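What follows is a set of notes on a single structure, which appears directly below.
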Ligand SMILES: Cc1cc2nc3c(=O)[nH]c(=O)nc-3n(C[C@H](O)[C@H](O)[C@H](O)COP(=O)(O)OP(=O)(O)OC[C@H]3O[C@@H](n4cnc5c(N)ncnc54)[C@H](O)[C@@H]3O)c2cc1C
Ligand code: SF4
Ligand code: SF4
Ligand code: SF4
Ligand code: SF4
Ligand code: SF4
Ligand code: FES
């Protein structure tokens with residue numbers, strides 16, 4: 001296959017789910033109109049959501065979800081061995097996601113609280129890149145199908161994948177939203193990487209940064225701004241850790 | 001230009017009829033800020049009653065009617081022999097009602113760049129010439145500083161401009177299109193007392209400005225103060241989020257992004273308004289960034305407003321609407337930045 | 001009675017239906033319409049540089065397209081992007097455009113995958129040029145650092161074609177490693193046919209390199225220049241041209257007799273996107289070629 005003089009490679013892909021809500025996998029099947037075109041660019045050899053066929057000859061492994069059990073570690077390592085390219089799909093895989101909230105509590109107290117019986121064996125939540133090397137991260141809770149389509153196309157064409165460097169605020173302004181900060185509320189859009197079309201703000205919720213930090217983060221200034229608005233540091237930090245995706249921005253603070 | 005008056009009742013009929021036959025955009029309330037002030041935007045309206053005629057200013061400027069945030073410059077259609085490029089400039093006529101003087105003056109500045117001089121921009125011209133503009137005078141808000149930039153009065157760039165003089169509006173008619181439309185309704189000749197009331201109202205409005213900044217010699221000051229610590233001070237606050245440029249009525253710069261449709265049959269070349277505050281504005285291949293620090297980028301935004309634009313057109317690019325501060329999460333106020341540069345804030 | 005606003009259809013404007021002529025800047029034209037080109041030849045110069053020979057397909061467009069040494073075109077790879085590239089060939093071969101492109105990112109990466117016969121687009125020419133006519137009767141000093149040799153090929157071809165207009169011609173060329181030397185296959189013919197004085201220097205080399213090692217300014221020891229009657233054309237990274245021009249200025253060469261080509265991010269080539277601004281100057285319109293005096297008076301130039 002060829003596209004305008006460029007060789008086009010149909011990639012063998014596998015999708016694996018770890019600890020997550022499986023929302024990202026559902027996104028893959030979203031955008032029905034484009035689905036046949038999407039599926040013609042990749043050959044899916046392993047995907048629990050759509051087929052019971054399971055083959056191990058995949059080139060790309062998409063990993064959804066974080067790691068929270070010991071057995072998952074071996075499974076991941078096995079995938080890494082087989083795949084040429086490992087892609088973390090979604091905020092859970094890239095950062096730990098909402099699951100990582102449990103790391104704020106001791107494992108025992110947490111398990112006792114959640115499960116009355118059949119207590120599972122569990123470990124602190126880890127993102128995929130803490131266990132194996134990851135070639136590409138596509139954050140988002142859930143991932144943006146449009147972005148996923150773009151990335152698959154780039155992989156098939158062997159083109160450089162461009163990541164947006166600007167923050168969510170740009171998309172928020174394109175959608176003509178009134179800024180949460182001007183309303184006196186908290187929002188992390190100014191330090192979060194764009195690409196979701198500011199979907200939360202459009203829907204009336206602030207951005208909690210599920211897509212991770214943008215290429216230019218000025219955390220000290222944003223924190224001062226939010227404190228000036230009367231938001232407590234405690235609340236700021238609590239909201240900041242919602243997806244475990246913005247933790248790195250506070251590193252320079254100390 | 002013709003000068004007439006129109007009664008408030010007749011204006012209502014006039015606008016109502018315009019709305020019936022044309023896509024019409026006017027200020028409506030969309031939100032409220034922390035101090036409980038309403039936030040306005042230009043939205044499509046279906047009746048005169050929806051319009052907030054006494055609005056203050058729109059949160060975003062009207063520039064996106066002329067420079068959409070995103071716009072296809074062209075599309076490519078692939079075939080066996082290669083591809084074919086298609087460009088489409090078609091725009092349906094529309095009406096903007098209630099536009100402020102500063103916003104009309106902002107359009108005139110955009111006209112300089114995009115309509116006059118080298119490489120006129122057909123996309124902009126198609127939109128500009130298909131937009132019927134009815135302007136409206138208003139009392140300045142406490143933070144408006146358009147008077148300092150000489151943009152609180154309009155002389156051209158609109159079709160009709162209205163000033164409230166009590167029972168009626170004093171009306172400037174600036175296009176034959178406007179003149180023809182007004183044939184549909186009764187308008188009156190300007191009487192002695194109308195002129196008096198108009199001048200009185202104009203003087204009253206002019207006296208209400210509270211925010212001022214001296215911009216004389218600003219272009220040279222920008223060069224002289226290029227290494228000033230003022231840039232560091234404000235750059236430290238700046239989040240490099242680009243909101244200021246998105247809402248600014250005269251910021252026009254852009255980025256271009258091409259996307260191949262998943263079907264592999266077409267691709268689009270999309271223009272997207274950008275901001276020089278964004279980190280990769282001046283970044284080139286290999287990662288070299290000509291403006292790596294947020295202070296470099298913030299400085300550059302002021303430099304374009306008050307130095308670069310002056311070099312090309314002998315006037316500042318800023319019209320003093322202060323939207324950039326309202327939209328800025330860090331509350332960066334252009335008046336304060338310029339005063340700092342003038343060393344007026346040092347006690 | 002009607003309240004309908006009349007439609008203005010810009011497509012009815014006569015000039016808009018004509019083939020765009022980018023040398024006619026003030027006309028209303030389809031500014032984003034490209035000239036379709038076929039890649040007629042690809043020469044692999046090094047691992048990361050290729051020379052592309054393009055041919056404008058439409059004869060009317062081929063006739064309209066004319067450029068001067070130092071100007072650039074926006075090269076369109078449909079679906080991937082558009083990038084500025086200096087024209088690296090002769091001004092006299094109508095309809096034919098030579099581009100020497102280094103693989104550094106998205107668009108250049110795709111360009112390097114393309115095969116002969118593929119269709120590309122170009123818009124242009126854009127920007128200022130080296131004032132070849134003003135240089136008539138003078139000695140010419142052409143100085144290139146790295147990929148800077150690519151834009152220099154246009155003035156070199158010009159001089160070839162107007163050799164009797166110029167006195168002594170020196171080419172000084174510096175690169176990091178011997179493998180990066182470009183167009184050395186042409187050096188001998190340039191020396192023999194046009195009597196050029198060509199010097200190459202390499203920053204880091206191993207034993208296999210027979211030539212000189214050092215920085216570009218070391219080459220000045222090997223030549224003598226008459227500063228009163230010499231023009232210099234310098235292309236290379238900012239640190240390099242500053243170093244070179246400062247040196248030449250100290251030797252007495254006037255700042256307005258030295259021309260350099262600036263590089264900035266560009267997305268339009270027409271003074272619209274603002275990405276290429278250096279201080280208050282648009283590199284795409286007021287540059288890329290500027291004299292050293294002008295460059296030194298720009299904020300953010302270096
Ligand atoms: C006047 C001029 C002449 C040039 N001549 C040549 C030449 O003869 N040969 C050559 O190999 N290169 C030349 N370049 C540099 C070339 O334009 C960049 O290498 C190219 O844009 C990189 O694109 P990319 O998509 O591969 O890189 P990426 O890093 O993926 O860049 C993404 C986008 O940023 C923009 N961009 C990035 N770097 C530059 C840059 N240095 N200049 C302008 N835009 C940039 C482009 O729009 C590009 O598509 C020239 C640049 C200018 C300004
Ligand atoms: S609401 Fe959030 S995303 Fe939107 S502009 Fe404000 S800070 Fe940015
Ligand atoms: S607005 Fe923020 S939290 Fe919401 S999807 Fe986008 S990045 Fe995630
Ligand atoms: S000031 Fe900055 S954001 Fe505004 S038009 Fe100029 S470059 Fe763009
Ligand atoms: S810079 Fe600010 S005050 Fe000036 S025109 Fe733009 S938004 Fe208005
Ligand atoms: S809106 Fe404010 S914080 Fe954001 S880029 Fe502009 S000046 Fe900086
Ligand atoms: S390249 Fe767009 S303004 Fe120069």
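Data overview
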quantity: Residue that is modelled with the lowest pLDDT [pool: residues in the stretch B:78-103 that are under 30 Å from residue C:116 (Cα atoms) and at the interface with chain C (Cβ under 9 Å from one of its Cβ atoms)]; calculated: B:81
quantity: Verdict on residue A:225 being more than 21 Å from residue A:93 (Cα to Cα), within 16 Å of ligand 6 (Cβ to nearest atom), part of a helix (DSSP H, G or I) and touching a residue at least 40 places away in the same chain (Cβ under 8 Å); calculated: yes
quantity: Total residues in the stretch C:24-36, condition assigned to a loop (DSSP other than H, G, I, E, B), closer than 14 Å to residue C:62 by Cβ and more than 8 Å from chain B (Cβ to nearest Cβ); calculated: 0
quantity: Residue match in the stretch B:222-233 (condition: within 16 Å of ligand 6 (Cβ to nearest atom) and away from every other protein chain (no Cβ under 14 Å)); calculated: yes
quantity: Any hit, the stretch B:268-291, residues being more than 9 Å from chain C (Cβ to nearest Cβ), modelled with pLDDT under 95 and touching a helix residue (DSSP H, G or I) at 6+ places or on another chain (Cβ under 7 Å); calculated: no
quantity: Evaluation of residue B:180 against (1) more than 21 Å from residue B:101 (Cβ to Cβ); (2) over 29 Å from the mean Cα position of the chain (by Cα) (one fails), failing number; calculated: (2)
quantity: Options C:243, C:259: the member that is surrounded by 15 or more Cβ atoms within 10 Å (Cβ to Cβ), in contact with a helix residue (DSSP H, G or I) (Cβ under 8 Å, 6 or more places away or on another chain) and either assigned to a strand (DSSP E or B) or within 14 Å of chain B (Cβ to nearest Cβ) (or both); calculated: C:259
quantity: Answer from A:227, A:170 - the residue that is more than 16 Å from ligand 1 (Cβ to nearest atom), closer than 20 Å to residue B:331 by Cα, touching a helix residue (DSSP H, G or I) at 6+ places or on another chain (Cβ under 8 Å) and facing chain B (nearest Cβ under 8 Å); calculated: A:170
quantity: Residue satisfying all of: in the stretch B:292-316; away from every other protein chain (no Cβ under 11 Å) and more than 28 Å from residue A:217 (Cα to Cα); farthest from ligand 2 (Cβ to nearest atom) among these; calculated: B:314
quantity: Single match in A:70, A:82, A:77 (criterion: modelled with pLDDT of 90 or more and exposed (fewer than 13 other Cβ atoms within 10 Å of the Cβ)); calculated: A:77
quantity: Residue in the stretch A:40-59 that is closer than 30 Å to residue C:112 by Cα, under 21 Å from the mean Cα position of the chain (by Cα) and either modelled with pLDDT under 85 or part of a helix (DSSP H, G or I) (or both) present; calculated: no
quantity: Residues (within 14 Å of chain B (Cβ to nearest Cβ) and without any contact (Cβ under 8 Å) to a residue 60 or more places away in the chain) located in the stretch A:10-40; calculated: A:32, A:33, A:35, A:36, A:37, A:39, A:40
quantity: Test: residue A:216 is in a loop (DSSP other than H, G, I, E, B), within 23 Å of residue B:283 (Cα to Cα) and in contact (Cβ under 8 Å) with a residue 24 or more places away in the chain; calculated: yes
quantity: Verdict on residue B:239 being within 12 Å of chain C (Cβ to nearest Cβ), more than 25 Å from residue B:149 (Cβ to Cβ), assigned to a loop (DSSP other than H, G, I, E, B) and touching a helix residue (DSSP H, G or I) at 6+ places or on another chain (Cβ under 6 Å); calculated: no
quantity: Check on residue A:157, within 13 Å of chain B (Cβ to nearest Cβ), within 16 Å of ligand 6 (Cβ to nearest atom) and buried (at least 17 other Cβ atoms within 10 Å of the Cβ); calculated: no
quantity: Residue that is farthest from the other protein chains (Cβ to nearest Cβ), among those in the stretch B:114-150 that are out of contact with any helix residue (DSSP H, G or I) (no Cβ under 8 Å at 6 or more places or on another chain) and closer than 13 Å to residue B:66 by Cα; calculated: B:123
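Every residue, every condition in (1) modelled with pLDDT of 90 or more; (2) outside the structural domain of residue C:149 (by TED's automatic domain parsing); (3) under 30 Å from residue C:92 (Cα atoms), yes or no:
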| site | (1), (2), (3) |
| --- | --- |
| C:163 | yes, no, yes |
| C:173 | yes, no, yes |
| C:177 | yes, no, no |
| C:185 | no, no, yes |
| C:206 | no, no, no |
| C:210 | no, no, no |
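Residues checked against (1) within 16 Å of ligand 3 (Cβ to nearest atom); (2) touching a residue at least 60 places away in the same chain (Cβ under 8 Å); (3) crowded, with 18+ Cβ neighbours inside 10 Å:
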| site | (1), (2), (3) |
| --- | --- |
| B:221 | no, yes, yes |
| B:228 | no, yes, no |
| B:231 | no, yes, yes |
| B:236 | no, no, no |
| B:242 | yes, no, yes |
| B:247 | no, yes, yes |
| B:252 | no, yes, yes |
| B:256 | no, yes, yes |
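The values are calculated or read from the model by the stated rules, or taken from the named source; none is laboratory data. This is a predicted model, so every value here is computed, not measured. FYI the Cβ positions are ideal-geometry reconstructions off the backbone, even for glycines, and counts take in every protein chain you see.
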